[in-house]
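Asker: Sharing a structure below in structure tokens format, with a few things to ask.
The values are calculated or read from the model by the stated rules, or taken from the named source; none is laboratory data. In this text, all values refer to a predicted model and were calculated from it rather than measured experimentally. Here the Cβ is made from the backbone with ideal geometry for all residues, glycine too, and neighbour counts use every protein chain on show.
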Amino acid sequence: MDAGVDECINDEPVNRFTESAGLKAAAQGLADAGQAPALTPAPTPGPSPITRLPSRPAPARPDTALHDACALAASADSIEALRAALEQFDGCGLKKTATNLVFGDGNPQARIVFIGEGPGAEEDRQGLPFVGPSGKLLDKMLASIGLDRTQVYIANTVFWRPPGNRTPTMGETVLCMPFVERLMELIDPEFLVTLGGPAAKAMLAETAGVGRLRGKWFSYATPKLSRPIPATPMFHPAYLLRSPAHKREAWADLLMVRDRLAGG
């Protein structure tokens, strides 16, 4: 599962080591008896039987799926209703390969929302965002400025794990974005923090890297928000685990967020 393998071809695994050992033993037995192994031509495969698979509904067209996503998201008048709408939505292909819906976690009345890129393997198993190694680091980062999950809300730009932890495609992000926007409207936070480049691109329409964007404030707005929300990008915790030299910059960003929350 960690490598993105989510489908088995056979009902039972085939032990190739046992097969190889049996062939070697048979060949050795013939050699000890002074006989050469018989070379028999491989049988000509006959026509494969036709297996009729159960019919499946045709996948929704991208424009139809986006229309459905917008309609479902707009109909939700609470966080619980939005989650239920996502569970009904079948337009995003990620849902077919994921184990669980990874919706969000934290306080629905939070003053600040953190939006990441997408769920990982552990998030997919538990159905909660940021519960793996990067999530543990995020918890420590929040604690360093006096916050925890009861005071913030955490989500991602897509709600199902991309196979192999790859970056979500633009199409996948676009199909999930109506739900992300509705989530922001329902929470109506004072501040938004995007974690990682893909989240900054999706939420703030910024194409520059996080290294150039961090330390600055931008505006996030949707038609139904009461006012634009100040937003700032930060390095993703997973990136900080791979590149700990950037933790100094992340600490400076956390202090900036803390001061903004305190009204500084």
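Asker: Could you list, in sequence order, the residues of region 96-140 that are touching a Phe, Trp or Tyr at 6+ places or on another chain (Cβ under 7 Å), under 23 Å from E190 (Cα atoms) and among the β-branched types (V, I, T)?
Answerer: I112, V113
Asker: Going by what's in this entry, would A250 be described as of a type outside the set (V, I, T) and in contact with a strand residue (DSSP E or B) (Cβ under 9 Å, 6 or more places away or on another chain)?
Answerer: In short, yes.
Asker: Can you say whether A76 is over 29 Å from S243 (Cα atoms) and not acidic (D, E), as far as the supplied structure shows?
Answerer: yes
Asker: How many residues, within region 6-34, are modelled with pLDDT of 70 or more and closer than 30 Å to A121 by Cβ?
Answerer: Looking only at that region, the number is 9.
Asker: Also: Answer yes or no as to whether E172 is under 15 Å from G116 (Cβ atoms) and touching a residue at least 60 places away in the same chain (Cβ under 8 Å).
Answerer: Yes; evaluated as a whole, the condition is true for this residue.
Asker: Something else now. Could you say whether any residue in region 82-97 is among the polar types (S, T, N, Q), touching a helix residue (DSSP H, G or I) at 6+ places or on another chain (Cβ under 6 Å) and at pLDDT 70 or above?
Answerer: So far as region 82-97 goes, yes, one or more of its residues are among the polar types (S, T, N, Q), touching a helix residue (DSSP H, G or I) at 6+ places or on another chain (Cβ under 6 Å) and at pLDDT 70 or above.
Asker: A further question on this structure: So if I check each of A238, A231, A250, which one is closer than 25 Å to A85 by Cβ, surrounded by 13 or more Cβ atoms within 10 Å (Cβ to Cβ) and small (G, A, S)?
Answerer: A231
Asker: Follow-up. Please count how many residues of region 70-107 are surrounded by 14 or more Cβ atoms within 10 Å (Cβ to Cβ) and assigned to a loop (DSSP other than H, G, I, E, B).
Answerer: 12
Asker: For region 203-256, what are the residues that are part of a loop (DSSP other than H, G, I, E, B) and more than 25 Å from the chain's Cα centre (by Cα)?
Answerer: Hits for region 203-256 are G215, K216, W217, P223, K224, L225, S226, R227, P228.
Asker: Could you check region 167-194 and list, in sequence order, the residues that are within 23 Å of Q109 (Cβ to Cβ) and at pLDDT below 95?
Answerer: The answer is none; no residue qualifies.
Asker: Could you list all residues from region 214-236 that are out of contact with any strand residue (DSSP E or B) (no Cβ under 7 Å at 6 or more places or on another chain) and in contact (Cβ under 8 Å) with a residue 24 or more places away in the chain?
Answerer: G215, T222, K224, L225, S226, F235, listed by residue number.
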